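K.L.:
One structure is given below, represented as structure tokens, and several questions about it will come after.
Each value in this text was obtained by applying a stated rule to the coordinates, not by laboratory testing. From a predicted model like this one, the values you see are computed outputs, not experimental measurements. Glycine also receives a Cβ, built like all others from the backbone with ideal geometry; neighbour counts cover every protein chain displayed.
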């Protein structure tokens, strides 16, 4: 009769059980803390000194003041100086936001910069900002979501604060889009400008704060608004350097259609999430891309265009900086006051889109 096979572990001596008095008790489970409401505690913005008017553009491309204004509503835009980069504009906006709420940079736990025009790929622009403002205790990183980047970044920072992972966050939307412009393309060069806007986020002790945020994306439409070259898929080389591959390319008709549809839908979703309707909103701060887009959104939401804060006539489309610049201006000019419910809504390449409802 064949002997039963032995286990390969049969020769391993078994450990004797520990006496009960020597066993360590498992740590008591941490009592979960309720998520905190997060508010905007400070605002700041910055635009470069140089103004590029429509008349100036008439000297560069085949266009006219009337053509630009009728199709976009833009009359002028700000252009950064040659040695003025995204980090410089970000620092200026961040310093003003910190001053606005009286917070020292050393108290920051987190810095997020939303941009598609970083100074360098490595290090990120947020780290450059951290070093320049002396925020030695802050974690720092960039995100890229084109014109929607600022609201994406605010939602990321909100999660950190709501979940008790940090106390004070600096969120910046900044872009030097003039570095991505083909100045011979009249369909795009008239649209964009440079600038930066910043907010300080912290927990709220009252009813003020971010009530809801909805984000979305549609990668199926990635080709209608893009910068085709400059990444690993299409590096800029000596052979293609003259082809303007590292400049913005846009299908204007398709961008318009998708922007209006997405921004209306996501606005209604964000309002519904916090039990509000468009009638409850005191001020809408939309992405500052095109006056026709804003008017279409106004019509579909049934919100008078007078409730929209619009500054694109002076700054053009500043990408991730557009909403925080407009938000800062609206606050300083008294267009929004404490207790007001405001809607922020944006759309950008990706395609990306987002909306936030805030009680000021």
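K.L.:
Can you work out the FRET efficiency for the pair residue 305 and residue 257, with r the C-beta to C-beta distance and R0 = 25 Å, to the nearest 0.05?
P.N.:
Taking R0 as 25 Å, the efficiency between residue 305 and residue 257 is 0.80.
K.L.:
Tell me, in nm to one decimal, what length is gained between residue 187 and residue 206 on full extension, where the rule is 0.36 nm per residue of separation less the Cα-Cα distance?
P.N.:
Separation in residues times 0.36 nm, less the Cα-Cα distance, equals 2.2 nm.
K.L.:
Please find, in a Gaussian network model of the chain (springs between Cα atoms separated by less than 10 Å), the residue of 349, 231, 275 whose mean-square fluctuation is greatest.
P.N.:
Comparing 349, 231, 275 in the GNM, the peak value goes to 231.
K.L.:
For the chain, modelled as a GNM with alpha-carbon contacts under 10 angstrom, which of 123, 324, 32 fluctuates the most?
P.N.:
32
K.L.:
If each residue of separation counts as 0.36 nm, what is the full-extension length gain between residue 236 and residue 60 once their alpha-carbon separation is subtracted?
P.N.:
Difference between extended and current length: 60.9 nm.
K.L.:
Measure nothing fancy, just the Cα-based angle from helix 252-273's long axis to the longest principal axis of the chain, in degrees from 0 to 90, nearest 10.
P.N.:
Helix 252-273 and the main axis of the chain meet at about 50 degrees.
K.L.:
Okay, next question. Of [x] 22.9; [y] 21.2; [z] 22.0, which is the value of Kirkwood radius over Cα pairs in Å derived from the coordinates here?
P.N.:
[z]
K.L.:
Given the stretch 83-186, what whole percent of its Cα pairs are spread farther than 23 Å?
P.N.:
24
K.L.:
So what is the 222 nm mean residue ellipticity for the chain from helices alone, if each DSSP H run of at least 4 adds -39500 (n - 2.57) and you divide by all residues, rounding to the nearest 500 deg cm²/dmol?
P.N.:
Mean residue ellipticity at 222 nm (helix-derived): -8500 deg cm²/dmol.
K.L.:
Hey, another quick one. Taking 0.36 nm per intervening residue step and subtracting the Cα-Cα distance, what contour gain separates residue 273 from residue 49 on full extension?
P.N.:
Once the chain is fully extended between residue 273 and residue 49, it gains 76.6 nm.
K.L.:
Only Cα pairs within less than 10 Å get springs; with that Gaussian network setup on the chain, which residue of 295, 254, 76 has the largest fluctuation?
P.N.:
Maximum among the listed residues: 254.
K.L.:
For a Förster distance of 45 Å, can you work out the FRET efficiency between the beta-carbons of residue 67 and residue 159, rounded to the nearest 0.05?
P.N.:
Given R0 = 45 Å and the Cβ-Cβ separation, E is 0.55.
K.L.:
With axes computed from alpha carbons, what is the tilt in degrees of helix 86-101 against the longest principal axis of the chain, rounded to the nearest 10 within 0 to 90?
P.N.:
80
K.L.:
What do you get for the angle between helix 149-162 and the principal long axis of the chain? Use alpha-carbon atoms, 0 to 90 degrees, nearest ten.
P.N.:
30
K.L.:
Evaluate the distance, in nm, between pseudo-label points positioned 7 Å from the Cα of residue 179 and of residue 218 along their respective Cα→Cβ axes.
P.N.:
3.0
K.L.:
Further question: Let me have the relative contact order for the chain, percent, based on Cα pairs under 8 Å that are six or more residues apart.
P.N.:
Relative contact order comes out at 23 percent.
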